[in-house]
1. What about residue 293, is it in contact (Cβ under 8 Å) with a residue 60 or more places away in the chain and under 18 Å from residue 377 (Cα atoms)?
2. Taking the options 452, 473, 442, name whichever one is touching a helix residue (DSSP H, G or I) at 6+ places or on another chain (Cβ under 7 Å), within 16 Å of ligand 2 (Cβ to nearest atom) and either open to solvent by 20 Å² or more (accessible area, probe 1.4 Å) or not aromatic (Phe, Trp, Tyr) (or both).
3. With the requirement that a residue be touching a residue at least 60 places away in the same chain (Cβ under 8 Å) and in a loop (DSSP other than H, G, I, E, B), what does region 36-71 give you?
4. Residue 492 - would you say it is more than 39 Å from the chain's Cα centre (by Cα) and aromatic (Phe, Trp, Tyr)?
5. Considering region 350-363 alone, what residues qualify as being touching a Pro at 6+ places or on another chain (Cβ under 8 Å) and crowded, with 18+ Cβ neighbours inside 10 Å?
6. Test of understanding: among 147, 163, 155, which residue is among the aromatic types (Phe, Trp, Tyr), within 16 Å of ligand 2 (Cβ to nearest atom), under 24 Å from residue 62 (Cβ atoms) and touching a Ser or Thr at 6+ places or on another chain (Cβ under 9 Å)?
7. Of the conditions (1) farther than 29 Å from residue 209 by Cβ; (2) part of a strand (DSSP E or B), residue 478 fails just one. Which one is it?
8. Within region 136-143, does at least one residue satisfy the condition of being of a type in the set (Asp, Glu), in contact with a helix residue (DSSP H, G or I) (Cβ under 9 Å, 6 or more places away or on another chain), within 16 Å of ligand 2 (Cβ to nearest atom) and open to solvent by 20 Å² or more (accessible area, probe 1.4 Å)?
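The values are calculated or read from the model by the stated rules, or taken from the named source; none is laboratory data. Just so it is clear, the model here is predicted, and its values are computed rather than measured. Cβ placement follows ideal geometry from the backbone for every residue including glycine, while neighbour counts extend to all protein chains displayed. The accessibility values were calculated without ligands, DNA or RNA, using every heavy atom of the protein model including side chains. Shrake-Rupley method; radii C 1.70, N 1.55, O 1.52, S 1.80 Å.
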Amino acid sequence: MRYSEMFLPTGREVPSDAELASHQLMIRAGMIRKLTSGIYSYLPLGYRVIRKVEQIIREEMNRAGAQEVFLPMVQPAELWQESGRWVHYGKELLRFRDRHDREYCLGPTHEEVITDLVRNGIKTYRQLPRNLYQIQTKFRDEIRPRFGVMRCREFGMKDAYSFDADEAGAEISYRKMFEAYNRIFTRCGLNFRPVEADSGSIGGSYSHEYMVMADSGEDAVCFCNACQYAANLEKAEIAGPAGDQPSGPALPLEEVHTPGVRTIEEVCAYLQVAQQEVVKTLIFSADGEPVAVLIRGDHEVNETKVRNHLGCDALDLAPDEMIFKVTRSPRGFAGAIGIKARIIADYSLKETYNCIMGANREDYHLRNVNPGRDFKVEGYADLRVIRETDPCPRCGGEIHFARGIEVGHVFKLGTKYSKAMKAAYLDQNGRERMMVMGCYGIGIGRTVAAAIEQNHDADGIVWPLPLAPYHVIITPVNVKERSLSEAAEGIYRSLLEKGVEVILDDRDERAGVKFKDADLIGIPYRVTIGPKNLAEGKAETRRRRTGEVAILSLSEVEAFLMDRIREGI
Ligand code: ATP
Ligand code: MG
């Protein structure tokens with residue numbers, strides 16, 4: 001492509017809301033433009049990169065045996081009512097009515113549509129397993145669209161759905177997708193990790209998020225430096241305590257006057273004790289029922305773990321009225337003794353004895369509280385947020401924290417949708433059984449943005465070769481000089497013939513301007529045609545990533561570039 005003919009509005013200006021490097025660079029490099037909040041247009045350069053990612057995904061999905069479909073974006077309310085999500089999905093689901101007053105939504109994801117398609121098309125075990133995927137536009141009315149196409153409202157997603165006859169089959173389908181995803185993100189040239197993620201009530205480690213590692217990432221992940229364990233913070237497990245028994249004699253219970261002392265910091269300051277000696281009693285409303293969660297003062301409750309442990313849908317901190325009802329005291333003095341609520345406790349409580357706790361009486365706390373002796377705990381479980389000092393739950397190794405960008409997600413759905421929507425098949429014995437499903441998503445635009453987060457410098461984007469919109473840019477330093485433009489033209493034509501994706505910067509601009517643009521848009525190789533080198537029949541090649549320069553004779557340039565492109569470097 002000739003630069004002079006391209007729609008490639010590069011620039012230095014960035015909108016004030018562009019905090020992330022990727023967002024700024026995508027705008028500066030003329031890849032995207034905002035239409036309205038969370039809704040972006042892709043310009044030619046940006047769309048080429050999108051197509052590269054899509055192509056890699058298509059090849060790997062096809063290789064894994066998935067088949068491509070293309071489903072509607074507009075979806076009727078009835079399907080969502082069947083699955084129950086019309087009520088549960090909340091405001092991210094954009095709903096509207098047509099002229100006949102029928103209700104619809106814009107698809108944020110396609111479980112309902114695909115389940116409907118498959119339940120009507122698959123009747124017997126002989127037609128299973130199947131995996132169908134599409135690359136298509138989703139709409140999610142995100143509360144706070146930000147970071148450009150990283151978290152927007154309209155975005156391209158690859159979503160795949162597998163249907164199996166049983167759990168064992170679903171496990172194989174899941175593994176295939178897991179491996180396909182590893183190949184996809186490796187081929188994109190990204191530094192990524194699959195991390196275990198919460199799978200809600202389905203249980204097990206049947207969900208992985210694919211994280212592109214970047215300090216600017218929204219998600220915190222932890223990983224072990226000794227084994228393969230990696231999880232997001234919500235999911236990260238903490239091994240139970242080695243010993244169950246408190247290791248000291250239980251002292252007599254004692255009530256202490258603590259006027260106006262409510263928070264853990266206030267309690268510690270007032271009683272001159274460490275946070276480890278205090279037990280926090282948090283009262284939650286779990287599907288409307290009060291539950292007291294006990295945890296050592298220096299730990300944080302992980303609400304996802306509490307929700308999974310209780311198997312409830314809604315979990316919120318209890319309102320003041322509920323706290324008063326179960327403790328007979330205002331907020332800030334809750335404790336386990338005499339509370340009228342189920343009590344569950346974090347594993348950390350198993351080793352805690354003679355601790356300090358709220359007295360369920362305004363302005364009072366208790367000293368020397370001992371679980372077991374003073375109150376009964378319904379169950380102990382892992383209910384807290386992991387810390388960097390915790391050992392790896394698998395091997396005891398060191399846990400490290402890092403930040404990442406979630407670009408993909410693989411999830412074992414089980415029979416959630418097939419049951420709700422009656423996606424059944426007949427097994428070998430003619431018995432009706434539910435299909436076992438999995439779903440697998442990749443955000444296309446987010447993957448591109450994440451690639452930029454990981455691959456840029458002060459001058460602009462540094463594309464990994466497999467995602468680069470073009471591989472080579474040829475820059476004659478002065479197009480008015482015929483010998484320079486003719487030499488540039490010659491290399492351009494022969495590279496085009498060889499199928500290399502190449503830009504000829506034929507603009508009548510100063511060399512400095514052209515170099516800046518080439519760096520900004522991140523083209524992996526630049527060939528500079530200048531008078532000094534050309535006089536000797538040579539040109540300069542420069543690698544964007546390293547700044548490495550090679551002066552080659554014109555006849556060598558082509559082979560040099562082709563070799564590198566073939567090697568993907
Ligand atoms: P997040 O927690 O970031 O909101 P999610 O869990 O809602 O993501 P999924 O429903 O698993 O995401 O969607 C699959 C993929 O789609 C994600 O891994 C991500 O790459 C992409 N994605 C999700 N929401 C957005 C968005 N608002 N903008 C761009 N990409 C998105
Ligand atoms: Mg989301």
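1. It is true that residue 293 is in contact (Cβ under 8 Å) with a residue 60 or more places away in the chain and under 18 Å from residue 377 (Cα atoms).
2. 442
3. 37, 38, 64, 65, 66, 69, 70, 71
4. The answer is yes for residue 492.
5. 350, 352, 353 - these are the residues of region 350-363 that are touching a Pro at 6+ places or on another chain (Cβ under 8 Å) and crowded, with 18+ Cβ neighbours inside 10 Å.
6. After applying the criteria, what remains is 155.
7. (2)
8. Taking region 136-143 first, the residues of a type in the set (Asp, Glu) are 141-142.
Filter once more, keeping what is in contact with a helix residue (DSSP H, G or I) (Cβ under 9 Å, 6 or more places away or on another chain): 141-142.
When the remaining residues are screened for being within 16 Å of ligand 2 (Cβ to nearest atom), the result is 141-142.
In the following step, the residues that additionally are open to solvent by 20 Å² or more (accessible area, probe 1.4 Å) were identified as 141-142.
Yes, region 136-143 contains a residue that is of a type in the set (Asp, Glu), in contact with a helix residue (DSSP H, G or I) (Cβ under 9 Å, 6 or more places away or on another chain), within 16 Å of ligand 2 (Cβ to nearest atom) and open to solvent by 20 Å² or more (accessible area, probe 1.4 Å).
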